[in-house]
Amino acid sequence: MHTHVSVRPDFFVGRFLTNFSFPSIFLSARFLSLCASMFLCFLTACGGGGTGAGNDAVSAEKPMSAAAMVGEKIFKDVSLSASGKQSCASCHNPDTAHAPANNLSVQLGGAKLDIPGFRATPSLRYLNLTPTFFFSDDGTPTGGFTHDGRAASLAIQAERPFFAPHEMANKDKADVVSKLARAAYVADFKKAFGDAILEQPETAFSRIQYALQQYQLEDDEFHSYDSKYDQFLAGKVKLSDAEMRGLALFNRKDKGNCAACHPSAKGSQGESPLFTDFTYDNLGVPRNFKIPATANGDYFDMGLCGPDRHDLADRLDLCGKFKVPTLRNVATRKVFFHNGQFSSLEEALRFYVRRDTNPEEWYPKNADGSIKQFNDIPLALIGNVNTKEAPYNRQRGMAAALSDEEIKDVIQFLGTLTDGYH
Ligand code: HEC
Ligand code: HEC
């Protein structure tokens with residue numbers, strides 16, 4: 001149960017478009033350069049940042065602010081869409097770790113719920129410690145929201161779904177605010193943001209964004225740290241033999257090497273691992289022909305360098321790179337990677353270890369019978385695909401980094417990352 005805490009309406013005004021969602025220590029290059037490794041750096045900063053969210057295996061439920069409570073209602077309100085049938089929760093379903101319950105590669109939206117999107121819908125779990133996008137001292141792109149990091153905060157991210165033609169497809173901000181004015185909880189909205197709030201649609205819409213952000217930050221359902229693995233790290237439960245073997249394979253640099261990008265160990269201050277280092281990579285995931293946009297041979301979703309993101313369009317070296325997602329709750333996902341190309345963990349893991357040893361299993365053939373490897377990026381940019389780091393540093397004819405039996409063990413381990421273990 002959440003108790004009501006009132007928030008002064010003037011509290012956000014000055015802070016709204018600034019970097020309020022995250023401790024500014026993240027942006028200090030000096031602090032970053034002091035850190036031995038990116039990952040430790042994040043955890044240290046988080047530890048000092050005051051949220052402490054990662055430190056308790058199961059944190060006692062804290063009261064949510066009035067803004068967060070109305071944010072929950074907005075999140076689940078289908079009346080705020082052109083169809084009258086779609087809310088944030090339709091795609092980010094709380095029952096499936098705030099990801100879609102169905103197995104479509106891309107979700108449908110618009111007034112008739114028949115317009116397909118372009119990317120797989122991510123889980124919204126464990127985003128609360130994601131920093132705003134920045135380049136680290138060694139030039140590594142890091143942080144940010146969505147698959148290409150273009151949204152600087154959860155509040156800024158919350159704007160687009162209301163208007164995207166393939167999502168909630170509203171006309172403009174006034175349209176959304178007039179729908180909210182008819183909602184059953186409009187009194188709560190006024191109580192949180194002031195009686196006159198609806199008279200200024202621009203400001204009212206920014207409060208909607210803020211409320212959605214606070215809901216995602218304040219409700220522990222989004223970051224409960226109560227998976228079997230969390231309880232294992234806290235010394236409360238044991239992992240099975242298969243889960244322990246899977247964990248070792250996940251960490252070993254000569255086997256899965258998964259922890260290189262999806263860190264699995266506690267931080268130096270005991271912070272819980274997030275299974276992402278917030279960086280970006282191009283894994284050469286095959287083109288997903290189930291996404292209608294791919295019918296156009298000139299269409300390529302190239303993540304950091306576009307087309308959804310615009311500021312890095314001339315950084316050709318970053319084309320095809322997508323954010324490393326957390327692997328918490330990954331066993332509950334129905335589709336995998338930014339384009340939803342795979343529909344089981346087994347397929348996703350087989351792809352990791354057999355992409356280079358057996359490319360014919362993953363890519364179509366050219367007219368001359370050769371394999372069209374890395375077919376979801378223009379030929380000139382194929383060099384961006386990561387072919388150096390384990391497990392994708394192999395050649396044709398070599399043994400895969402993980403055998404089928406070992407893949408089964410890693411999947412057993414990934415199953416321990418699901419929230420709500422009892
Ligand atoms: C039709 C399905 C759909 C709806 C409705 C929808 N989303 Fe999303 N959401 C997506 C997709 C797809 C992405 C990935 C977008 C990208 O990478 O460009 C995403 C990304 C996000 C992210 C970034 C996650 C990350 O890993 O950085 C957040 C946060 C989010 N959505 C919140 C919301 C909120 C809040 C709403 C309601 C206002 C909403 N979404 C409505 C499909 C949806
Ligand atoms: C060099 C960095 C790197 C390594 C090593 C790595 N990953 Fe990933 N992982 C990524 C990136 C980047 C993505 C997102 C790629 C995309 O969407 O195109 C990803 C995505 C995934 C996904 C899909 C999750 C989702 O929500 O769609 C799974 C599952 C996964 N990784 C598991 C693993 C496992 C298991 C290993 C070890 C065998 C591993 N990864 C090794 C960088 C890495």
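Numbers below:
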{"read-out": "Residue within the range 249-258 that is surrounded by 18 or more Cβ atoms within 10 Å (Cβ to Cβ) and acidic (Asp, Glu) present", "value": "no"}
{"read-out": "GLY117 of a type outside the set (Asp, Glu) and within 21 Å of ALA174 (Cβ to Cβ)", "value": "no"}
{"read-out": "Helices (runs of 4 or more DSSP H) wholly inside the range 173-251 that include at least 3 residues being more than 21 Å from ASN329 (Cα to Cα) and in contact with a Lys or Arg (Cβ under 9 Å, 6 or more places away or on another chain)", "value": "186-193, 201-218"}
{"read-out": "All positions within the range 400-414 that are more than 10 Å from ligand 2 (Cβ to nearest atom) and either at pLDDT below 95 or crowded, with 20+ Cβ neighbours inside 10 Å (or both)", "value": "ASP409"}
{"read-out": "Top-ranked residue of the range 339-355 - restricted to ones that are in a loop (DSSP other than H, G, I, E, B) and buried (at least 22 other Cβ atoms within 10 Å of the Cβ), ranked as farthest from ligand 1 (Cβ to nearest atom)", "value": "ARG355"}
{"read-out": "Residues of the range 82-136 satisfying the condition of being of a type in the set (A, V, I, L, M, F, W, C) and more than 20 Å from GLY303 (Cβ to Cβ)", "value": "ALA82, CYS88, ALA89, ALA97, ALA101, LEU104, LEU108, ALA111, LEU113, ILE115, LEU129"}
{"read-out": "Evaluation of VAL285 against (1) farther than 16 Å from ALA120 by Cβ; (2) assigned to a loop (DSSP other than H, G, I, E, B) (one fails), failing number", "value": "(1)"}
{"read-out": "Options ASP188, ASP148; residue that is within 16 Å of ligand 2 (Cβ to nearest atom) and crowded, with 17+ Cβ neighbours inside 10 Å", "value": "ASP148"}
{"read-out": "Single residue of ALA155, ALA183, ALA169 found to be among the small types (Gly, Ala, Ser), more than 11 Å from ligand 1 (Cβ to nearest atom) and more than 21 Å from ASN339 (Cβ to Cβ)", "value": "ALA183"}
{"read-out": "Per-region count, the range 170-218, residues within 30 Å of LEU414 (Cα to Cα) and either assigned by TED's automatic domain parsing to the domain that holds LEU327 or among the hydrophobic types (A, V, I, L, M, F, W, C) (or both)", "value": "2"}
{"read-out": "LYS255, sole failed condition from (1) more than 16 Å from VAL353 (Cβ to Cβ); (2) in a loop (DSSP other than H, G, I, E, B); (3) modelled with pLDDT of 95 or more", "value": "(1)"}
{"read-out": "Some residue of the range 101-120 being within 10 Å of ligand 1 (Cβ to nearest atom), β-branched (Val, Ile, Thr) and within 22 Å of ILE208 (Cβ to Cβ)", "value": "no"}
{"read-out": "Leading residue by the ranking (farthest from ALA158 (Cα to Cα)) among those in the range 199-222 that are surrounded by fewer than 20 Cβ atoms within 10 Å (Cβ to Cβ) and acidic (Asp, Glu)", "value": "GLU199"}
{"read-out": "Checking VAL106 against (1) within 16 Å of ligand 2 (Cβ to nearest atom); (2) at pLDDT below 95; (3) outside any helix (DSSP H, G or I), the condition it does not meet", "value": "(2)"}
{"read-out": "The range 109-141: number of residues that are in contact with a helix residue (DSSP H, G or I) (Cβ under 7 Å, 6 or more places away or on another chain), of a type in the set (A, V, I, L, M, F, W, C) and either in a strand (DSSP E or B) or within 12 Å of ligand 2 (Cβ to nearest atom) (or both)", "value": "2"}
{"read-out": "Pick from the range 320-329, criterion assigned to a loop (DSSP other than H, G, I, E, B) and in contact with a strand residue (DSSP E or B) (Cβ under 7 Å, 6 or more places away or on another chain), ranking: farthest from ligand 1 (Cβ to nearest atom)", "value": "GLY320"}
{"read-out": "Index of the failed condition, SER264 passing every other in (1) out of contact with any Ser or Thr (no Cβ under 7 Å at 6 or more places or on another chain); (2) part of a helix (DSSP H, G or I)", "value": "(2)"}
{"read-out": "PRO325 being within 22 Å of the chain's Cα centre (by Cα), surrounded by fewer than 18 Cβ atoms within 10 Å (Cβ to Cβ) and in the same structural domain as MET398 (by TED's automatic domain parsing)", "value": "no"}
{"read-out": "Flag if ALA331 is modelled with pLDDT of 95 or more, under 24 Å from ASP230 (Cβ atoms), surrounded by fewer than 18 Cβ atoms within 10 Å (Cβ to Cβ) and not assigned by TED's automatic domain parsing to the domain that holds TYR126", "value": "yes"}
{"read-out": "Residues (touching a residue at least 24 places away in the same chain (Cβ under 8 Å) and β-branched (Val, Ile, Thr)) located in the range 363-386", "value": "ILE377, VAL385"}
{"read-out": "The range 302-324: number of residues that are closer than 21 Å to GLN373 by Cβ and touching a Lys or Arg at 6+ places or on another chain (Cβ under 7 Å)", "value": "2"}
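The values are calculated or read from the model by the stated rules, or taken from the named source; none is laboratory data. Please read all numbers here as calculations on a predicted model, not as lab measurements. Positions of Cβ are generated from backbone atoms using ideal geometry, with glycine treated the same way; all protein chains shown enter the neighbour counts.
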